[in-house]
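The block underneath contains the structure these notes are about, expressed in structure tokens.
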Amino acid sequence: MKKIIIQGAITILLFFGTWFALAQIDWIKVFKVQMVTDKTEQKLGEPFWKIIKTTEKENKNFHLVNAIESIVTQVCKTDLKEKQ
Amino acid sequence: MIQIKQFSYEPSEHEAESASSSYLMSLIAIIVGLPLPIVNLLATLIFYLGNRKSTYFVRWHCTQALVSQLSMLFINSYGFWWTISIIFAEETITSNYIAYIIAVIIFNLTEFIATIYTAIQTRKGIHVEWWFYGALTNIICKSKS
């Protein structure tokens, strides 16, 4: 019985050990996950923007664009900080 | 990891075929229901239940196949639901996740190769005991005589 418990513990340890060892590698960099995500976001964003452009009226008022951009920048900065 | 041992008696041709089928069952189920971790366990469980009253050699190998599938279910299920939460929920792909998936693939591949080898050997009537699972099966499955 003791032998089985030891063997079972070794098997479990082996799995978690493999996982832990593999987790030391920065797979996000290896597989360029961020780059692929950014590309997908851009590709998805383009048709969405096209749809919005054709169905809605684009307002190019300088003051309005400036105000919205400052809000967007603030939101993005906070979001990035939270993610980090 | 895998040991060839002398069984308490010499299994007949029919017994060797049935015992080998229990491993084949899990292999077929892996191929058919690959993304779902429960499918191969269910297939082995059904085969085990169908052979509960069979001879000792067949019962022993059905139990070993079932026990090995049971432990794989836990690690596969965790990986499966983690993937689902990345696709449909707010989870993101992390290094930890990729490391887990690679570890799961390594363990599944090892189990897959061991299952193929065991299926071939048991078909020849050779008794094969796996590391940990073999000893565990010896406790669960006892000879009626």
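FYI, it's all coordinate maths here, none of it is from the lab. Please read all numbers here as calculations on a predicted model, not as lab measurements. Methodologically, a virtual Cβ is constructed for each residue, glycine included, from the backbone with ideal geometry; neighbour enumeration extends over all protein chains shown.
Based on the alpha-carbon gyration tensor of chain B and its eigenvalue square roots a ≥ b ≥ c, which shape applies: rounded if a/c is under 1.5, prolate if not and a/b is larger than b/c, or oblate?
prolate
Give the separation of the Cα centroids, segment B:38-73 to segment A:43-76, in Å.
Here the answer is 60 Å between Cα centres.
Which one of B:T83, B:T44, B:T122 has the biggest mean-square fluctuation once chain B is modelled by GNM with Cα springs under 10 Å?
Ranking B:T83, B:T44, B:T122 by mean-square fluctuation puts B:T83 first.
How big is the gap, in Å, between the Cα center of segment B:110-134 and the Cα center of segment B:1-27?
8
Quick one: among B:S12, B:S22, B:S77, which has the greatest mean-square fluctuation in a GNM of chain B with alpha-carbon springs under 10 angstrom?
Judging by the Gaussian network model, the answer is B:S12.
Would you kindly derive the ³J(HN,Hα) couplings of segment A:70-84 from the backbone phi angles with the Karplus curve 6.51 cos²θ - 1.76 cosθ + 1.60 (θ = phi - 60°), listing them in order in whole Hz, with x for Gly and Pro?
Using θ = phi - 60°, the values come out as 5, 5, 4, 4, 4, 5, 5, 4, 4, 4, 5, 4, 5, 5, 6 Hz.
Once whole DSSP H runs in chain B are found, which of them have Cα atoms spread over 24 Å or more along the helix axis and a mean Kyte-Doolittle score of at least -1.0?
Once both thresholds are applied, what remains is B:13-32, B:56-88, B:95-123.
Here is the link list: A:K32/A:K81; A:K29/A:K50; B:K53/B:K124. Which ones come out longer than 25 Å on Cα distance?
A:K29/A:K50
Order of A:W19, B:W131 from fewest to most other C-beta atoms within 10 Å?
B:W131, A:W19
Using alpha carbons only, what's the Rg to Rh ratio of the protein assembly as shown with Rh from Kirkwood?
Result: Rg/Rh = 1.22.
Got a sec? Which residues in segment B:110-126 would a label at B:F7 touch, if it sits 7 Å along Cα→Cβ and we count backbone N under 19 Å?
Output list for this probe position: B:114-126.
Could you work out the relative contact order of chain B? I mean the mean sequence separation of Cα pairs under 8 Å and 6+ apart, divided by the number of residues, in percent.
About 41 percent, as a whole number.
How much length is gained on full extension from A:K57 to A:D26, taking 0.36 nm per residue of separation minus their Cα-Cα distance?
Gain in length upon complete extension: 6.7 nm.
How charged is the neighbourhood of A:Q74? Take every other residue with its Cβ under 14 Å from the Cβ of A:Q74, and add Lys/Arg as +1 and Asp/Glu as -1.
That works out to -1.
Would you mind ranking B:S26, B:S8 by Cβ crowding within 10 Å, fewest neighbours first?
The order, fewest Cβ neighbours first, is B:S8, B:S26.
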